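Quick note: the coordinates plus some simple rules give every number you see, no bench work behind them. Just so it is clear, the model here is predicted, and its values are computed rather than measured. As a convention, Cβ positions derive from the backbone with ideal geometry for all residues, glycine included, and neighbour counts pool all protein chains shown.
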Amino acid sequence: MKKDYYEILGVGRSADKDEIKKAYRKLALKYHPDKNPDNKDAEDHFKEVNEAYEVLSNDDKRRRYDQFGHAGVGSSAASGGGAGAYGAGGADFSDIFSAFNDMFGGAGGGRGRGGFEDAFGGGGRRSRASAGIQGTDLKIRLKLTLEEIAKGVEKTLKIKKQVPCKECNGSGSKTGATETCPTCHGTGEVRQASKTMFGQFVNIAACPSCGGEGRIVKDRCPACYGEGIKQGEVRVKVTVPAGVQDNNYLTLRGQGNSGPRGGAAGDLVVVIEEKPHEFFVRNGDDVIYSLAVSFPDLVLGTKVEVPTLDGAIKMTIPPSTQPETMLRITGHGIGHLRGSGRGDQYVKVNVFVPKDLAQSDKELLKGLRKSPGISPEAHGTGTEKSFFEKMKDIIG
Ligand SMILES: [Zn+2]
Ligand SMILES: [Zn+2]
């Protein structure tokens with residue numbers, strides 16, 4: 001036999017709304033699971049009180065209850081199911097919660113879970129109820145060329161992500177109606193006591209029925225199965241500053257997956273990936289270009305055209321340039337991520353040694369080889385000679 005709702009709240013059948021609300025607040029505080037950890041009796045009372053309040057605070061339900069008793073308001077709700085039997089326009093819980101908040105000094109805004117204040121926690125609870133469950137973050141990789149990285153770039157990305165359902169405007173309901181979650185009675189939390197050798201622990205978890213929202217959707221939208229979100233595609237503009245590196249990331253707040261049923265969107269995290277360049281090797285904010293130059297050009301000097309991140313430019317190879325020399329082209333490197341200006345381009349000069357040479361060219365080289373001025377010894381800087389001299393010094 002189910003208890004009478006008026007009895008549960010300890011009010012007369014003629015009690016007015018204020019009286020009912022006051023009685024409910026008193027009892028809900030008394031039996032709240034946070035005040036009575038691992039107390040099955042209190043938990044049952046708490047559920048009873050919530051159920052009674054949900055009916056008696058609603059004019060329509062109260063009228064039906066007065067007329068038909070529990071049958072009039074779908075008494076199966078007591079077991080946690082069948083809440084659908086309740087009519088539209090559930091109890092005004094947000095009002096109650098704000099009242100609780102007043103009682104606790106209006107702190108609100110707490111984000112942690114499990115505290116007594118948080119369970120009812122005016123600001124936090126209410127904003128969560130209206131903001132719903134937050135959408136998840138989304139991570140994408142963005143491949144950029146060195147040219148794009150050098151100067152910074154604006155990209156428009158096509159992103160597949162969860163967007164609000166158009167059919168139900170993201171509410172998840174055909175009619176936009178919600179009702180208090182029958183599993184957690186609007187608290188958004190469920191508790192499980194576990195016994196261990198160290199004593200009892202109460203685990204507090206988000207309610208599985210409503211995902212912690214405290215309310216569930218009525219008249220589920222068939223297009224999104226009540227989720228309020230659907231897979232969609234959007235275009236997102238990303239401004240990448242100059243000087244980014246591999247695995248740097250940009251966080252675009254609120255551009256991730258939309259939250260279910262109007263919940264705030266998560267973030268979009270754009271991870272930078274640098275495409276390998278055909279010509280350049282990056283070294284911090286500088287770039288290195290390897291240039292092969294013929295032996296006569298190294299000796300006599302010449303003008304060459306080299307690629308840069310800004311297009312080809314002409315540069316001078318001075319006479320007597322040694323292999324491995326780094327020639328600098330100022331300001332044609334990568335833009336500095338912090339501060340202004342750009343790094344430099346270095347041209348690493350190498351001597352070009354042909355692999356197959358025409359016989360006539362070989363004859364020219366043979367002639368050159370005989371010339372006394374061409375050997376290192378003639379210049380007193382021969383590496384071979386000094387090497388042998390050093391060896392003699394060592395061996396003695
Ligand atoms: Zn719930
Ligand atoms: Zn929908």
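Measuring r between the beta carbons of LEU337 and ALA312 and using R0 = 41 Å, the FRET efficiency lands at 0.95.
Each of MET326, MET197 was scored by other Cβ atoms within 10 Å of its Cβ. Arranged with the fewest first, they read MET197, MET326. If the chain linking ASP16 and TYR225 were pulled fully straight, counting 0.36 nm for each residue of separation and taking away their Cα-Cα distance, it would gain 71.3 nm.
Annotation: the residues ASP137, ASP297, sorted from fewest to most other C-beta atoms within 10 Å of their own C-beta, follow the order ASP137, ASP297. In a DSSP loop and with at most 12 other Cβ atoms within 10 Å, the trypsin sites (Lys or Arg not before Pro) in the stretch 297-369 are ARG338, LYS355.
Our note on the geometry: Cα centres of the stretch 196-275 and the stretch 5-73, 36 Å apart. Could you calculate the FRET efficiency of LYS166 with THR251 from 1/(1 + (r/R0)^6), where r is the beta carbon distance between them and R0 is 25 Å, rounded to 0.05? Result of the calculation: an efficiency of 0.35. Sorted fewest first by neighbouring Cβ atoms within 10 angstrom, THR316, THR196, THR308 come out as THR196, THR316, THR308. Straight Cα distances below 18 angstrom link LYS314 to the lysines LYS303, LYS348, with same-chain residues fewer than 8 positions distant left out. Here r is the Cβ-Cβ distance between ALA177 and LYS143 and R0 is 56 Å; the resulting FRET efficiency, rounded to 0.05, is 0.75.
Could you tell me what percent of the DSSP beta bridges with both partners in the stretch 280-395 are antiparallel, to the nearest 5? Write down the numbers at each step before the final one.
Working: 14 of 22 bridges.
Within the stretch 280-395, antiparallel bridges account for around 65 percent of the total.
Computed from the Cα positions only, the extents of the stretch 280-395 along the three principal axes stand at 54, 44, 23 Å, in decreasing order.
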